[in-house]
């Protein structure tokens, strides 16, 4: 890596050796004293064209000024004007260009890159026959900010010709214009195996028109829904709606796809999915998986649907329960009280009920001795000792059976166990 700190320290040391102030050196160089100060701190570098002048003031060579830095040889050849000859005989000029590019003018970088392309070529070492140069992806990415669109377009062309891999050039997406991005998109879309990862690399730099064209390929059957759904974080509402519409047509893939899309949907879009359940065009099980993303209104609509079908209500309500508030859970308990929902189904939600709603279920369970045992065992781990003590009190009052409440012994404290024990002894006597 070219270290401007090394050069800065050398400039400072040589200036002091020549007994010059920063202002005096600045005057002789035709720059501000702040520029000299920045050089010496390593915040910036002198213009490459001024290096010979600076070295002359200090009575040293440019080699000496840059010694200890990689890329110094490239700078020397830029200054001497024989960079083409250097590129022809250099083993790995790409790395050196990346090192010194920040110090060069755009026209100098362009000239060097053009020479490199015309003489050595940038190719994948495994492509074609004859001597090839291996492309270092990291080096290419470092160099990319200094390339113009024509040079970047040439790289895309090598992907089209098969001499460079798509993965290499896709890393340059932040620097590509719309035309070059479109060419990469077209290439990526042709190979489903690599399309997913490549499109994710490109997506942050695509506009909604380009992303909409990808959605259009899904609609036309030339791209997979799974691949394009991965781009959901970058899609606007219109393009998300198109994917939603497409995903909803196939129940087999809808579940997983909708979960991928859900974090990026608004409540209107999610409400439309709930509406499809209400209309019978989407399954309740599929949309219930989206509960973490639904607001209270949409959750209530799903609750209403789930409560209508006792066969599927249990599993669905358990999926929804962690996202319901106590008012919504209380309404479910109310349906048990009204006889429109089964006690067994709602008792499964005990881990999510507050004390008030648990007490209401306890009251219901205690009224039916036949089902009380199993239900109370389901509720017991979530009851406090006051609530459990009330159950023991019902045994003492004769309104609940000893056998039923004894099953709750693992959850009773010493006081409540003592009360049951006394009742059992009295019964024996």
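The values are calculated or read from the model by the stated rules, or taken from the named source; none is laboratory data. Keep in mind it's a predicted model, so treat the numbers as computed, not measured. Please note: Cβ atoms are built from the backbone with ideal geometry, for glycine as well, and neighbour counts cover all protein chains shown.
Is it true that residue 270 is within 28 Å of residue 183 (Cα to Cα) and out of contact with any strand residue (DSSP E or B) (no Cβ under 7 Å at 6 or more places or on another chain)?
Judged against the criteria, residue 270 is not a match.
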### Task
List every residue pair whose Cβ atoms sit under 9 Å apart, with the two residues 6 or more apart in sequence or on different chains, where the first one lies in the range 395-409 and is touching a residue at least 12 places away in the same chain (Cβ under 8 Å) and the second, anywhere, is part of a loop (DSSP other than H, G, I, E, B).
395/401; 405/412; 408/383
### Message
Suppose we filter the range 305-325 for residues that are loosely packed, with under 15 Cβ neighbours inside 10 Å, at pLDDT 85 or above and either outside any helix (DSSP H, G or I) or more than 28 Å from the chain's Cα centre (by Cα) (or both); how many remain?
### Response
1
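Filter the range 135-152 down to residues that are under 18 Å from residue 179 (Cβ atoms), surrounded by fewer than 16 Cβ atoms within 10 Å (Cβ to Cβ) and touching a helix residue (DSSP H, G or I) at 6+ places or on another chain (Cβ under 7 Å) and give me whichever is modelled with the lowest pLDDT. Break it down stepwise before answering.
Quick first cut of the range 135-152, residues under 18 Å from residue 179 (Cβ atoms) only: 144, 147-152.
Next, from what is left, pick out any that are surrounded by fewer than 16 Cβ atoms within 10 Å (Cβ to Cβ): 148-150.
Remaining after also requiring touching a helix residue (DSSP H, G or I) at 6+ places or on another chain (Cβ under 7 Å): 148-149.
Numbers: 148: 81, 149: 87.
This residue is 148.
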### Task
With respect to residue 254, determine if the residue is touching a helix residue (DSSP H, G or I) at 6+ places or on another chain (Cβ under 9 Å), modelled with pLDDT under 90 and not in a helix (DSSP H, G or I).
no
### Query
Going by the structure shown, is residue 215 without any contact (Cβ under 8 Å) to a residue 24 or more places away in the chain and under 17 Å from residue 185 (Cβ atoms)?
no
### Task
Test residue 173 against the stated conditions and say whether it is in contact (Cβ under 8 Å) with a residue 24 or more places away in the chain and over 21 Å from residue 105 (Cα atoms).
yes
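State yes or no: is residue 341 assigned to a loop (DSSP other than H, G, I, E, B) and buried (at least 19 other Cβ atoms within 10 Å of the Cβ)? Give the steps one after another, and end with the answer.
Values: assigned to a loop (DSSP other than H, G, I, E, B): yes; buried (at least 19 other Cβ atoms within 10 Å of the Cβ): yes.
Against the criterion (assigned to a loop (DSSP other than H, G, I, E, B) and buried (at least 19 other Cβ atoms within 10 Å of the Cβ)), residue 341 qualifies.
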